[in-house]
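Below you'll find the structure, written out as structure tokens, and then a few comments.
The values are calculated or read from the model by the stated rules, or taken from the named source; none is laboratory data. Everything quoted here is computed from the prediction, not taken from an experiment. Cβ placement follows ideal geometry from the backbone for every residue including glycine, while neighbour counts extend to all protein chains displayed.
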Amino acid sequence: MGVGLSTETLTYPLLFLVIFGLYYPGIMAREERRLEELFGESFRQYQQRVPRFWPNRGLYSEPASWSSNPRLFRRHILSDIWFVWIAAIIELVEGLRNVGWLPHLLTLW
């Protein structure tokens, strides 16, 4: 959604929302089956306490401390930063079009 919103139009965010709405329920079902296989009764109890999609702030509790693995943290940050690059490319293309350095061959946004 963030990439779609960075286009500053309604077309892409709406398109991404439709694609997400069609695609994500299957992903959730597959993940739930896998977690139930791995964790069994513990996961079923977790499912009873935690909403499936929309968070419930009333259930949130924060631990006093946690440990982290810097290598794992860096790997996940690098795998998730792709949308920042896409947003930057969209802005660059828009800027190059505005100054006349890039032709408007196809206008989708």
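A compact table of results
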| quantity | calculated |
| --- | --- |
| Among (1) of a type in the set (Ser, Thr, Tyr); (2) under 22 Å from the mean Cα position of the chain (by Cα); (3) surrounded by 10 or more Cβ atoms within 10 Å (Cβ to Cβ), the one test that SER79 misses | (3) |
| Of the criteria (1) in contact (Cβ under 8 Å) with a residue 24 or more places away in the chain; (2) surrounded by 10 or more Cβ atoms within 10 Å (Cβ to Cβ); (3) not in a helix (DSSP H, G or I), which one ILE86 fails | (3) |
| Check on GLU37, surrounded by 11 or more Cβ atoms within 10 Å (Cβ to Cβ), charged (D, E, K, R) and out of contact with any strand residue (DSSP E or B) (no Cβ under 6 Å at 6 or more places or on another chain) | no |
| Selected residue [in a helix (DSSP H, G or I) and either over 21 Å from the mean Cα position of the chain (by Cα) or under 24 Å from VAL3 (Cα atoms) (or both)] from LEU35, LEU102, LEU96, LEU72 | LEU96 |
| Selection status of TYR12, in a helix (DSSP H, G or I) and modelled with pLDDT of 90 or more | no |
| Selection status of PHE20, assigned to a helix (DSSP H, G or I), surrounded by 11 or more Cβ atoms within 10 Å (Cβ to Cβ) and at pLDDT below 95 | yes |
